[in-house]
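**Q** To start, I am sharing the structure in question, which I have written as structure tokens.
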Amino acid sequence: MAESTINNKMTMWTKIWVDDDPTVAPGEFSLNIDLSKYSWLLIGIKISSTQNPGFGKFYEVPIDNTTDPDDTNNPALWTHMYLFGDQFFTSGNTATPFIYTRKVRAWKTGIDFTNGFRHRTNGTAAANISDGYCMPIVIYAR
Amino acid sequence: MAESTILEFQPEYELVWENPDYSSSSGFAAQTISLDLSGYTFVKVEAHLSEADHTRGESPIIPIHDGPVSSNVKFLTCMSSNIYNTESTGNPYAYTRAIYASETGVTFGAAYRRNMSSTSAGTTNTNWVIPTRIWAF
């Protein structure tokens, strides 16, 4: 497990998962973790597996009270996560501005992540799918 | 409304900083706000779209690092008001500012604005993405 550079002091959050290698594209995947004693997740994500280490954003995700989720009868609702590409954080940048997305849902015994997507914000071209886009790198629970 | 299946848990955020004049015409330059954050793990930072438009943007949670400053931490994003209604035909803008938290304070980078409907260059201005409050927990 990679060494974290984040303090872990008086927090009510417990670190429950860290990506072993943030350079590996995770694609669509699930984690089998006992979350029955928690109610929320805090998920740190970055733009892509090829980007330098560093967080893009942390998302709070509710843990649904079900052990057998599906999209109709026992909903574990998807949380929509997004990140803006580096093109938004500089001046004079004329590169195509992209937004990176991935959905996540959590319930008592697991977490699902969809594939990652990248969509240009200045056009209607179809989004690109990539295993490495909008990838989680650390998860806390409370 | 259907009964929620989500367990409730209220975080205890402690207010550690307020912007004394977030509508200042002088804006908010890139800077570090010195705070003793050694007893905390995360901060939550609230920001407004600009000194002229107090539309509140996201209030993201930021991890407090004990390692070296990274230049690749990018959190604060605000959308222009015209993407929140059906009447405006103005350009949709994204406003951004990099942010970094350590045990000794919170560092803000410069603010940028990028037109999301074109590939025209982004620009910078101190009047955008004005932080207003910081909580720690």
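All of the numbers you see were taken from the coordinates with simple rules; none came from a lab. Owing to the predicted nature of the structure, the values given are computational and were not obtained by experimental measurement. Using ideal geometry, Cβ is built from the backbone for each residue, glycine included, and neighbour counts are taken over all protein chains shown.
**Q** In the range A:60-142, what percentage of the DSSP-assigned beta bridges are antiparallel, given to the nearest 5?
**A** 90 percent
**Q** While we're here: For chain B, modelled as a Gaussian network with Cα springs under 10 Å, which listed residue fluctuates most, B:S25, B:S120, B:S102?
**A** Of B:S25, B:S120, B:S102, the Gaussian network model singles out B:S120 as fluctuating most.
**Q** Same structure again: Taking other Cβ within 10 Å of each residue's Cβ, how do A:I111, B:I33 sort, fewest first?
**A** Result, fewest neighbours first: B:I33, A:I111.
**Q** Here's something else I'd like to know. Can you check what the Kirkwood hydrodynamic radius comes to for chain A, Cα pairs only, in Å to one decimal?
**A** Every distinct Cα pair counted, the radius reaches 16.0 Å.
**Q** Let me ask another. State whether chain B is rounded, prolate or oblate according to the following rule on the C-alpha gyration tensor (a ≥ b ≥ c being the square roots of its eigenvalues): a/c under 1.5 gives rounded; otherwise a/b larger than b/c gives prolate, and the remaining case gives oblate. Kindly include the intermediate steps, with their values, before the conclusion.
**A** On the way: a/c = 1.84, a/b = 1.21, b/c = 1.52.
Oblate shape, in that a/c is at least 1.5 and b/c is the bigger or equal ratio.
**Q** Still on this structure: Quick check: net charge around A:I99, other residues with Cβ under 10 Å of its Cβ, Lys/Arg +1 and Asp/Glu -1?
**A** Net charge in that neighbourhood comes out at +2.
**Q** Among A:I43, A:I129, which comes first, second and so on when ranked by fewest other beta-carbon atoms within 10 Å?
**A** Details: A:I43 23, A:I129 13.
In order of increasing Cβ crowding within 10 Å: A:I129, A:I43.
**Q** Would you mind checking the radius of gyration and Dmax of the range B:45-121 based on alpha-carbon positions, in Å?
**A** Rg, Dmax (Cα atoms, Å): 14.4, 47.
**Q** How many percent of DSSP beta bridges within the protein assembly as shown run antiparallel, rounded to 5? Can you show the working numbers first?
**A** Working: 75 of 79 bridges.
Within the protein assembly as shown, antiparallel bridges account for around 95 percent of the total.
**Q** Using 0.36 nm times the number of residues separating A:V24 and A:H80, minus their current alpha carbon distance, what extension gain do you get?
**A** The A:V24-A:H80 span can extend by a further 18.0 nm.
**Q** Holding the Cα-Cα limit at 20 Å, pick out from A:K46/A:K108; A:K57/B:K44; A:K46/B:K44; A:K108/B:K44; A:K15/B:K44; A:K15/A:K37 the pairs that are longer than that.
**A** Over 20 Å apart, Cα to Cα: A:K46/A:K108; A:K108/B:K44.
**Q** Can you list the residues of the range B:85-107 with backbone N under 12 Å from a point 7 Å past the Cα of B:S23, pointing along Cα to Cβ?
**A** none
**Q** Still on this structure, I have one more. When a/c is below 1.5 the answer is rounded, else prolate if a/b is larger than b/c, else oblate, so apply that to the range A:62-142 with a ≥ b ≥ c taken from the square roots of the Cα gyration tensor eigenvalues. Don't skip to the answer; put the middle values down first.
**A** Details: a/c = 3.31, a/b = 2.16, b/c = 1.53.
Prolate, because a/c is 1.5 or more and a/b exceeds b/c.
**Q** Also, quick follow-up: For the protein assembly as shown, go through all pairs of different Cα atoms, get the mean of 1/r, take its inverse, and jot down that Kirkwood value in Å.
**A** 19.7 Å
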